Amino acid sequence: MSEKIVAVVGSGYMGGGIAQVLALSGATVKIADISAEIAQSNYDRLIEESKQFVADGLFPAGATETLQANLSPAASIEEAVADADFIEEAVPEKIEIKHATLARISKAARPDAIIGSNTSTILIGKLAEAVVHPERFLGVHFSNPAPFIPGVELIPHAGTDEAILPTVESIVQATGKQTARIKDATGFVLNRLQYALFHEATQLVDSGIASPEDIDTIVRTTFGFRLPFFGPFAIADMAGLDVYAFCYASLQTEFPERFATPPILQNLVDAGKLGTKTGAGFLDVPADRTPELIAYRNKAYVAMQKLIDELGPAPIA
């Protein structure tokens, strides 16, 4: 990454964290904000913050010195993006602010620069309306806190040149993060799933079925406990897709529309593809790998509990 020049426009909590990980990967990174003073102030904050992260073992030894060598504040957005190979926009989640900022960025950037937006929910195609070269624009959605959450959504819009995706993937993956390519849709994947869970949780509270505290406990200690290791399709395959179909049928006795059996699930069950026990399901894990998979699962869950015990409870209550 040492040959890459990167600009991050919007140097607050999210943009600053993104700038940190890009600079730590070896890229030369400039941060910009609505004024040179704010960019400088946020730069100072990021340097001081990195010292604490090193002391806490969250950043590697020498991280502060790497940031001081690779990261700098710019006097303006135009100065930050002028020579950049890749530009990440991370301004507030309001389309009018993003449009105005992206217009400034694309006007001042090189024609071959790639521009990404860290938007959480706004359609990339709508944001692209403000960009001079929309074919070199896409969503690059980091999660909060950016230095420590490993997943990044890459969201091309209909006019994005697919040839730029490997370059963006290499830039992001050089930071140690994992990327997933997502089609342009409101909320993308992360927030569609996150808000679906939150919506159902609020329904349970409103119905008096459980308190927020008890719901959080259930999520953390049951299916949420699995999620660092397996996504929903792997979990379903291991549980058995026929079991999932039976559970949907039970849920439908009270919520026939909200929990209608997904056609994609029913089609697999009807075809006898029931997950790992038949060697075919959503992910088609061969049946002879099931013992290895179960052994990994059990080892992972025990290791997770040991980590939780070591860290102790979150300081919420």
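The values are calculated or read from the model by the stated rules, or taken from the named source; none is laboratory data. Model, not experiment: these values are computed from the prediction. Cβ coordinates were reconstructed from backbone atoms using ideal geometry, including for glycine residues, and neighbour counts include every protein chain displayed.
Miscellaneous remarks
- Of the strands (runs of 3 or more DSSP E) entirely within the range 1-114, those holding at least 1 residues that are β-branched (Val, Ile, Thr) occupy 5-9, 28-32, 86-89.
- Single match in 202, 179 (criterion: within 20 Å of residue 232 (Cα to Cα) and hydroxyl-bearing (Ser, Thr, Tyr)): 179
- With respect to (1) crowded, with 20+ Cβ neighbours inside 10 Å; (2) closer than 19 Å to residue 98 by Cα, the lone exception for residue 152 is condition (2).
- Take the conditions (1) surrounded by 13 or more Cβ atoms within 10 Å (Cβ to Cβ); (2) under 30 Å from residue 295 (Cβ atoms); (3) touching a residue at least 24 places away in the same chain (Cβ under 8 Å); residue 247 misses just one of them, which is (3).
- Within the range 168-186, the residues that satisfy the criterion of being under 17 Å from residue 149 (Cα atoms) and either in a helix (DSSP H, G or I) or without any contact (Cβ under 8 Å) to a residue 12 or more places away in the chain (or both) are 169, 171, 172, 173.
- Pick from the range 268-304, criterion exposed (fewer than 12 other Cβ atoms within 10 Å of the Cβ) and not aliphatic (A, V, I, L, M), ranking: nearest to residue 240 (Cα to Cα): 272
- Residues of the range 187-223 that are surrounded by 11 or more Cβ atoms within 10 Å (Cβ to Cβ), without any contact (Cβ under 8 Å) to a residue 24 or more places away in the chain, part of a loop (DSSP other than H, G, I, E, B) and not aliphatic (A, V, I, L, M): 211 alone.
- Test set (1) out of contact with any strand residue (DSSP E or B) (no Cβ under 7 Å at 6 or more places or on another chain); (2) among the aliphatic types (A, V, I, L, M); (3) in a helix (DSSP H, G or I) - residue 238 fails condition number: (1)
- Tabulated pairs, the range 77-95, first closer than 16 Å to residue 112 by Cα and free of Cβ contacts under 8 Å to residues at least 40 places away in the same chain, second surrounded by fewer than 24 Cβ atoms within 10 Å (Cβ to Cβ) and of a type in the set (Lys, Arg), C-beta under 9 angstrom, 6+ apart or interchain: 78/104; 78/107; 82/110
- Being surrounded by 22 or more Cβ atoms within 10 Å (Cβ to Cβ) and over 22 Å from residue 148 (Cα atoms) is a property that residue 77 has.
- The criterion of being farther than 30 Å from residue 113 by Cα and either modelled with pLDDT of 95 or more or exposed (fewer than 14 other Cβ atoms within 10 Å of the Cβ) (or both) does not hold for residue 136.
- Within the range 138-167, the set of residues being in a loop (DSSP other than H, G, I, E, B) and more than 11 Å from the chain's Cα centre (by Cα) comprises 147, 157, 158, 159, 160, 161.
- Selection status of residue 119, touching a residue at least 12 places away in the same chain (Cβ under 8 Å) and either over 18 Å from residue 145 (Cβ atoms) or assigned to a helix (DSSP H, G or I) (or both): no
- When the range 245-283 is limited to residues that are of a type in the set (Phe, Trp, Tyr) and out of contact with any Leu (no Cβ under 8 Å at 6 or more places or on another chain), the one that is farthest from residue 207 (Cα to Cα) turns out to be 246.
- Just one of (1) small (Gly, Ala, Ser); (2) within 20 Å of residue 140 (Cα to Cα); (3) under 23 Å from the mean Cα position of the chain (by Cα) fails for residue 100. It is (3).
- From the list 27, 36, 19, 23, the lone residue that is over 16 Å from residue 90 (Cβ atoms) and modelled with pLDDT of 95 or more is 36.
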